[in-house]
1. From (1) at pLDDT below 65; (2) in contact with a Ser or Thr (Cβ under 7 Å, 6 or more places away or on another chain); (3) among the small types (Gly, Ala, Ser); (4) over 18 Å from THR127 (Cα atoms), pick out the condition that doesn't hold for GLY108.
2. Quick one: which of THR300, THR331, THR348 is crowded, with 18+ Cβ neighbours inside 10 Å, in contact with a helix residue (DSSP H, G or I) (Cβ under 6 Å, 6 or more places away or on another chain) and more than 24 Å from THR404 (Cβ to Cβ)?
3. Tell me which of these ARG374 doesn't satisfy, since it passes every other one: (1) at pLDDT below 90; (2) in contact with a Phe, Trp or Tyr (Cβ under 6 Å, 6 or more places away or on another chain); (3) buried (at least 20 other Cβ atoms within 10 Å of the Cβ); (4) not acidic (Asp, Glu).
4. Mind listing just one residue for me: the one in segment 137-165 that is exposed (fewer than 15 other Cβ atoms within 10 Å of the Cβ) and modelled with pLDDT of 70 or more and, of those, nearest to ILE121 (Cα to Cα)?
5. Just to be sure before I move on: is PRO364 farther than 15 Å from ASN332 by Cα and outside the structural domain of ALA77 (by TED's automatic domain parsing) in the structure I sent?
6. With GLY380, GLY393, GLY387, GLY415 as the choices, which residue is buried (at least 16 other Cβ atoms within 10 Å of the Cβ) and modelled with pLDDT of 85 or more?
7. Checking the conditions here, which among TRP308, TRP314 is assigned by TED's automatic domain parsing to the domain that holds MET35, free of Cβ contacts under 8 Å to residues at least 24 places away in the same chain and either touching a strand residue (DSSP E or B) at 6+ places or on another chain (Cβ under 7 Å) or hydrophobic (A, V, I, L, M, F, W, C) (or both)?
Amino acid sequence: MLQRARKARPYTKALDGGWGWMILLHFFLVNMFVMGMMKMFAIFFVVFQEEFESSSKQTGWIGFIMSSVGYSAGLGAAFLYQSASVVATKYFKKRLAFSTAIARSGMGLTVLIAPFIKVLIDLYDWTGALLLLGALMMNLVPSSMLLRPIHIAGENNSDIKNRGSRLSTSHPGAGCATEMPSCNETGEATATRDGAMQKARQPGTSLTVSQNKNTDGNSVFLITNEESYEKEAISWSRKPKLFDISLLKNPFFYIFTWSFFLSQLAYFMPTFHLVARAKTLGIDLMDATLLVSVAGITETVSQIIAGWVADQDWMKKYHYHKSYLILCGTTNLLAPLATTFPLLMTYTIFFATFAGGYLAMILPVLVDLSGGSRIQSFLGLVAFFAGMAILSGPTIAGWLYDYTQTYTGSFYFSGICYLLSSVSFFFVPLAEKWKNSLSR
């Protein structure tokens, strides 16, 4: 099914700025209110345990519900995050790592209000605090209107020429280009691509139809030149497939999915249990919430610095990502040694630094491994597995506490998952060799 819409003239490359900063503003707010709210659960975790006198495993199911795409909050979070991520990759290319790092820093800034959350709970109980946080999240409704689509005509048409789908015609009756499947004297050109009919018609003095493949591979741009030399772009879009089966043949998909699944499984375990562990060590709840605030500040600064460094192209981005994951794993394996507030603060700073680094690399590494094509399908399918990890992490951590009666098991498990998540990136060179052998 073809959808036709008249749009502005397509750009030839990503803007790396302009309206893209408005896109980043919305992306920032999504990370701040949605992803940051999940991190706030570390504070509510202790409150829920005291309120309902429940086990850690049972309390972990609340985070399960908040994060699950099967429930309204999780479903809304999935829609918000996916759309903002995909549109951001359309607007930024050279500064993608730095720009997404700025947007993701919103998740870290949220926990600056962690002490304020404690005050809200004391004043209005946990129900009132959640109600006020929900009202703040409603600001995402108007900010989502900032998401303006952008159409970029690909600079390389070699793939399209090979498909024999480039259209070009001159003055009516003057002849037809050899690459055009069909053409008549009225200036009408028709081509078939992937079983979809695409037609261009212009009865004026001249007509030039050029097909360019954009990053999602699902749009065709037709440029018409009239006597007044006014140019108009007509977008012919083919309805994208709900499930792109070709991704299952892509080794980079498995490499990234393995890493993303395990890293997201590991991330929320120490995050949710940080305050609870501090409390078991005899640390006051207000001081424990300070750990969350420090983690947020450190993670924010780390993401911005890591994004800037990655954009310098000193080495491939997945090398940074792999290194940060290994450091996160090592830090969490050493976390049980932190038995005092100063040591716990030291652990928090180191973990937040390395976690901020790998979080800043997620989207840029995904874009690099996907080859810039079918990003939305790649991200959507990967996010499904990541959602399963986020859904399972708190519950597994709660089960470990109930079984061992200590939170050290959660940190050990998180550290092992981080180390395992880095393993798949060692196979990237092999995947690149395989891909190059196919292109010969």
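The values are calculated or read from the model by the stated rules, or taken from the named source; none is laboratory data. Worth saying up front: this structure is predicted, and the values here are computed from it rather than measured. Note that we place each Cβ from the backbone using ideal geometry, even for glycine, and neighbour counts take in every protein chain shown.
1. With respect to (1) at pLDDT below 65; (2) in contact with a Ser or Thr (Cβ under 7 Å, 6 or more places away or on another chain); (3) among the small types (Gly, Ala, Ser); (4) over 18 Å from THR127 (Cα atoms), GLY108 is out only on (1).
2. Result of the check over THR300, THR331, THR348: THR300.
3. (2) is the only condition that ARG374 fails.
4. That would be MET138.
5. On the way: farther than 15 Å from ASN332 by Cα: yes; outside the structural domain of ALA77 (by TED's automatic domain parsing): no.
Considered against the rule, which asks whether it is farther than 15 Å from ASN332 by Cα and outside the structural domain of ALA77 (by TED's automatic domain parsing), PRO364 comes out as no.
6. Numbers: GLY380 fails: modelled with pLDDT of 85 or more; GLY393 fails: modelled with pLDDT of 85 or more; GLY387 fails: modelled with pLDDT of 85 or more.
Just one listed residue meets the conditions, GLY415.
7. Numbers: TRP308 fails: free of Cβ contacts under 8 Å to residues at least 24 places away in the same chain.
It is TRP314.
For (1) closer than 21 Å to GLY18 by Cα; (2) in a strand (DSSP E or B); (3) among the hydrophobic types (A, V, I, L, M, F, W, C), each residue gets a yes or a no:
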site	(1), (2), (3)
VAL119	no, no, yes
ASP122	no, no, no
ASP125	no, no, no
PRO149	yes, no, no
